[in-house]
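My structure is below; once you've seen it, I'll send some questions.
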Amino acid sequence: GEEEKKANNDDDDEELGDEFKTMKFEGDQKLPPTKADNDEDGLFGMEDVGGGDERLAVLPYKGEVDNSWPSDFVKNPADSDIPDGNLRIEYVHGYRSFDMRDSVKYADDPNEIIYTTAALGIVLKKKENEQRFFNQHRDDVVSMDIHPERNIVAT
C-alpha cells in the first residue's frame with residue numbers, strides 16, 4: 001500500500017527530471033544548494049549590499065541640487081511661496097505627423113485650420129496667426145476627423 005505509492009511517486013519524479021522534482025521541507029531546514037551557490041567563477045554569486053541612502057533612491061536629483069548652491073548663497077524667505085499664477089499656452093509650434101495621416105482639416109471658416117500635436121487640439125486662424133486650444137485630453141491625440149459640415153471635430 002504505502003510503499004507502493006511512494007515507489008510510484010519516485011518513478012514520476014525521475015520521468016520529469018531533476019528541475020521538476022517536488023521538494024518538501026519541515027521546520028528551519030535550509031534549501032539545497034543552487035547553481036548560483038555552486039558557481040565556481042563567481043558569475044552568479046550572491047552579494048550582501050546592505051542598506052543605502054533611501055532618500056536618494058527616491059529623489060536621485062536631490063543630492064545634486066542640494067550641493068549645487070554657491071557657498072555664499074542666501075535664500076530669500078519670500079521665494080518659498082508658491083506662485084499665484086498658472087502656466088498658459090500662448091502658441092504651439094509643431095504638428096503630429098509621424099503616425100497620423102489626413103490629420104489637418106479646414107473648419108467651416110476657410111481661415112481656420114484644425115490639427116493636433118501631443119494632447120492638444122489646435123485651431124489656427126491663418127490670417128491673424130492666432131491659435132485656440134482644446135486641452136482636455138489626458139494622453140496624446142492619435143486620430144482626428146471632422147463632421148461633413150465642418151463644425152464639429154472628433155479626436
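The values are calculated or read from the model by the stated rules, or taken from the named source; none is laboratory data. Everything quoted here is computed from the prediction, not taken from an experiment. Positions of Cβ are backbone-derived with ideal geometry, glycine not excepted, and every protein chain shown enters the neighbour counts. Just the protein is used for accessible areas: all its heavy atoms, side chains included, with ligands, DNA and RNA removed. Shrake-Rupley method; radii C 1.70, N 1.55, O 1.52, S 1.80 Å.
May I ask you to verify whether ARG88 is within 20 Å of PRO148 (Cα to Cα), part of a loop (DSSP other than H, G, I, E, B) and free of Cβ contacts under 8 Å to residues at least 12 places away in the same chain?
no
Are any residues in region 101-137 of a type outside the set (S, T, N, Q) and either farther than 24 Å from GLU90 by Cβ or modelled with pLDDT under 90 (or both), and if so, which ones? Give the steps one after another, and end with the answer.
First pass over region 101-137, keeping only residues of a type outside the set (S, T, N, Q): 101-102, 104-110, 112-115, 118-128, 130, 132-134, 137.
Correct list: ARG101, ASP102, ASP108, PRO110.
If a residue has to be of a type outside the set (S, T, N, Q) and open to solvent by 70 Å² or more (accessible area, probe 1.4 Å) to count, how many in region 135-155 make the cut?
10
Here is a further query. Find the residue count for region 109-134, including only residues that are surrounded by 11 or more Cβ atoms within 10 Å (Cβ to Cβ), part of a loop (DSSP other than H, G, I, E, B) and not basic (Lys, Arg).
Adding up the residues that qualify gives 4.
Related question: From ASP37, ASP84, grab the single residue that is at pLDDT below 75 and closer than 30 Å to HIS137 by Cα.
Details: ASP37 fails: closer than 30 Å to HIS137 by Cα.
Residue meeting the stated conditions: ASP84.
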